[in-house]
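Colleague: Here it is: the structure, laid out below.
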Amino acid sequence: MPLRALALLAAFVAAGCAKSAGPSGGAGSLRLAMVTDTGGLGDRSFNDSAYAGLLEAKHVLHAQIEVQQSKSAADYQPNLTVLADGGFDEIFAIGFLMNDDLTQVAKNYPNNHFAIVDAVNDQPNVASVTFREQEGSFLAGALAAMVTKTKTVGFLGGIDSPLLRKFEAGFAAGAREVDPNVKLLVKYVGSFEDVASGKELAAVMYGGGADIIYVAAGKSGLGAIDETRARTGVYAIGVDSNQDALAPGKILTSVIKRVDVAVFRIAKAVASGKPAAGAVELGLKDDGVGLTDFKYTKAAIGAAHLARIAALRAAIVAGKIVPPKTREELAAFVPVKI
């Protein structure tokens with residue numbers, strides 16, 4: 001592992017173990033900011049999860065915080081630049097689509113510290129956090145294959161990209177692990193903020209026979225969840241944040257990605273005077289991804305299925321199952337007897 005990656009991993013471990021305390025400069029001296037992806041605050045998913053980490057830093061570390069919301073990709077570089085000019089101690093870029101713009105801003109402001117979620121940036125003043133989304137998605141796919149009655153499940157993504165294909169491939173492999181005969185429908189909205197299209201495409205997939213849809217589409221996914229809420233006999237699977245309560249009993253589970261924890265731990269490292277650097281990837285073993293506690297669906301899923309999900313999780317953590325992260329790896333994936 002490169003030294004910069006080890007440095008970031010060490011910062012995460014130290015931040016996770018350290019007692020909660022304010023920055024050394026006194027209450028309110030820590031200044032943190034973030035630039036949202038185009039879905040913005042209120043997506044009940046990715047951006048909101050990052051903001052939750054920022055809010056925790058405000059409450060626990062007494063940090064001053066600021067958010068610049070991006071209406072389009074054209075806003076990324078101006079928003080990052082405004083915050084860099086503002087002299088914040090750490091600036092978070094939320095989303096892989098911001099990576100190129102962040103590279104330019106980080107070069108222009110070598111004395112500022114930045115962090116990006118869902119991309120790896122090689123600038124020395126940027127910390128990068130990515131996740132093994134395929135691992136949590138694998139468990140979601142396995143659960144969907146256990147619960148489906150139509151033997152058809154769906155994956156609804158935001159923008160067709162290498163990142164979202166990690167969700168897709170992991171989900172498909174998990175379903176194959178449980179039942180190779182389960183059919184998978186795949187559609188992409190082409191956007192993370194088109195709620196109406198998310199709803200429309202979910203209706204198409206339900207009409208095509210799917211009774212469970214894994215929704216990895218940011219704010220667009222709220223439309224799909226709304227469509228799920230209006231139908232009987234179907235479930236959605238949420239993403240990034242715990243979305244189970246958005247439609248109690250209608251969301252089978254959510255694949256949680258602990259963006260909030262990543263943001264807060266980087267903030268803690270900054271507060272300690274040791275800004276994080278390098279890249280770190282978090283998965284099931286690190287509790288960076290996982291499923292929810294099935295608060296509203298535990299009875300419907302049943303103890304036997306939940307036990308099997310736990311066994312599959314243990315197999316992934318132990319390295320006995322390696323969920324695919326690309327369509328090419330998915331094509332070669334062979335179910336493992338657990």
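Colleague: Within the group Ala269, Ala196, Ala203, which residue is farther than 25 Å from Glu135 by Cα and in contact with a Gly (Cβ under 7 Å, 6 or more places away or on another chain)?
Modeller: None of the others qualify; the one that does is Ala196.
Colleague: I would also like to ask the following. Tell me whether the stretch 136-150 contains one or more residues that are closer than 26 Å to Ser191 by Cα and open to solvent by 10 Å² or more (accessible area, probe 1.4 Å).
Modeller: Scanning the stretch 136-150 turns up no residue that is closer than 26 Å to Ser191 by Cα and open to solvent by 10 Å² or more (accessible area, probe 1.4 Å).
For every residue, the table says whether it meets (1) assigned to a helix (DSSP H, G or I); (2) under 18 Å from Ile251 (Cβ atoms); (3) touching a residue at least 24 places away in the same chain (Cβ under 8 Å).
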position	(1), (2), (3)
Pro180	no, no, yes
Leu184	no, no, yes
Ser197	yes, no, yes
Ile213	no, yes, yes
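Colleague: In the set Gly218, Gly249, which member is under 15 Å from the mean Cα position of the chain (by Cα) and open to solvent by less than 40 Å² (accessible area, probe 1.4 Å)?
Modeller: Gly218
Colleague: Do we have any residue at all in the stretch 280-296 that's closer than 20 Å to Val153 by Cα, of a type in the set (A, V, I, L, M, F, W, C), free of Cβ contacts under 8 Å to residues at least 40 places away in the same chain and surrounded by fewer than 24 Cβ atoms within 10 Å (Cβ to Cβ)?
Modeller: No - not one qualifying residue is present in the stretch 280-296.
Colleague: Regarding the stretch 291-307, can at least one residue be identified that is at pLDDT 95 or above, basic (Lys, Arg), under 22 Å from Phe167 (Cβ atoms) and in a helix (DSSP H, G or I)?
Modeller: Taking every residue of the stretch 291-307 in turn, none turns out to be at pLDDT 95 or above, basic (Lys, Arg), under 22 Å from Phe167 (Cβ atoms) and in a helix (DSSP H, G or I).
Colleague: In the stretch 83-134, what count of residues is obtained for those that are assigned to a helix (DSSP H, G or I) and open to solvent by 20 Å² or more (accessible area, probe 1.4 Å)?
Modeller: Result for the stretch 83-134: 10.
Colleague: So the check is Cβ under 6 Å with 6+ separation or different chains; which pairs have a first residue in the stretch 147-172 that's in a helix (DSSP H, G or I) and a second one that's among the basic types (Lys, Arg) and buried (at least 20 other Cβ atoms within 10 Å of the Cβ)?
Modeller: Sorted first by the residue in the stretch 147-172, then by its partner, the pairs are Lys166/Lys325; Ala169/Lys325.
Colleague: Scan the stretch 245-261 for residues that are closer than 23 Å to Lys58 by Cβ and in contact with a strand residue (DSSP E or B) (Cβ under 6 Å, 6 or more places away or on another chain) and jot them down.
Modeller: Correct list: Ile256, Lys257, Val259.
Colleague: Of the residues Ala203, Ala175, only one is open to solvent by less than 20 Å² (accessible area, probe 1.4 Å) and either among the small types (Gly, Ala, Ser) or more than 30 Å from Phe92 (Cα to Cα) (or both); which?
Modeller: So the residue among Ala203, Ala175 that is open to solvent by less than 20 Å² (accessible area, probe 1.4 Å) and either among the small types (Gly, Ala, Ser) or more than 30 Å from Phe92 (Cα to Cα) (or both) is Ala175.
Colleague: Anything in the stretch 39-49 that is touching a residue at least 40 places away in the same chain (Cβ under 8 Å), surrounded by fewer than 24 Cβ atoms within 10 Å (Cβ to Cβ) and over 13 Å from the mean Cα position of the chain (by Cα)? List them, or say none.
Modeller: Gly40, Gly42, listed by residue number.
Colleague: Continuing with this model, one more query. Give me the pairs, please: first residue somewhere in the stretch 325-337 and farther than 10 Å from Ala173 by Cβ and touching a residue at least 24 places away in the same chain (Cβ under 8 Å), second residue anywhere and part of a helix (DSSP H, G or I) and open to solvent by 50 Å² or more (accessible area, probe 1.4 Å), beta-carbon distance under 8 Å, and either six or more positions apart or on two chains.
Modeller: Short answer, once both residue conditions are applied: Thr326/Pro162; Thr326/Arg165; Arg327/Arg165.
Colleague: So Gly53 ticks every box in (1) open to solvent by less than 30 Å² (accessible area, probe 1.4 Å); (2) within 19 Å of Ala276 (Cβ to Cβ); (3) modelled with pLDDT under 95 but one. Which box is left unticked?
Modeller: Gly53 satisfies every listed condition except (3).
Colleague: Which of the residues spanning the stretch 14-35 are at pLDDT 95 or above and either in contact with a Phe, Trp or Tyr (Cβ under 8 Å, 6 or more places away or on another chain) or of a type in the set (Phe, Trp, Tyr) (or both)?
Modeller: Correct list: Arg31, Leu32, Ala33, Met34, Val35.
The values are calculated or read from the model by the stated rules, or taken from the named source; none is laboratory data. Because the structure is predicted, anything quoted here is derived from the model rather than measured. Heads up, the Cβs are rebuilt from the backbone with ideal geometry, glycines too, and the neighbour counts pull from every protein chain shown. Note: areas computed on protein heavy atoms with side chains; ligands, DNA, RNA excluded. Shrake-Rupley method; radii C 1.70, N 1.55, O 1.52, S 1.80 Å.
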